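Colleague: Mind having a look at this structure? Questions to follow.
Just so it is clear, none of the values below were taken in a lab; they were calculated from the coordinates. The shown structure was predicted, so the numbers you read here are calculated from the model rather than taken from an experiment. Every residue, glycine as well, gets a Cβ built from its backbone with ideal geometry; the counts of neighbours run over all protein chains shown.
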């Protein structure tokens, strides 16, 4: 799995978590061949605030992805169906391994190109890889608004956001 271009995987992980957990899938639809809309529910767990234990189905996430010739855009909308607004932690975990289609299918190679530490700036991450063929490949991620905090392991996220999930009728 991942995001491929010219038989090369440029994004090997793009995972969403709400309050530290993967949300439950409610629905998904392909609006067009290049647009996907997904409805998710945050699973139950504690949230911050007085008397605000999150119940099942209290937080809904609408995730929309649009694929163009050279970019993937994703938007998230978080709504609360609780009596009051809830503050939730949203994490986006990501990685770019630049494997070719044969490696992804299990072909072992004796060598690989050079991976460089990602360049992390406010709200953006740039992954850089130089292949054995001498070609440079990059994956550029931008987050708007910029996350409140970022932490990464060797080459992956997550970026964390704290957002107030508002009631749709508020």
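Colleague: For segment 99-141, what is Rg from Cα atoms divided by 2.2 N^0.38 Å, rounded to two decimals?
Modeller: My calculation over the Cα atoms of segment 99-141 gives 1.35.
Colleague: Ok, one more. Residue 136 to residue 112: extension gain in nm, 0.36 nm per residue of separation minus the Cα-Cα distance?
Modeller: Going from the current span to full extension adds 7.3 nm.
Colleague: Separate question: As a test of understanding, state the convex hull volume per residue of segment 66-143 from its alpha carbons, in Å³.
Modeller: About 155 Å³ per residue, rounded to a whole number.
Colleague: Based only on other Cβ atoms within 10 Å, what is the fewest-to-most ordering of 116, 10?
Modeller: Fewest-to-most ranking of 116, 10: 116, 10.
Colleague: Further, regarding this structure: Which value in nm describes the separation of the simple spin-label points at residue 34 and residue 66, placed 7 Å from the Cα toward the beta carbon?
Modeller: So the label points at residue 34 and residue 66 sit 1.0 nm apart.
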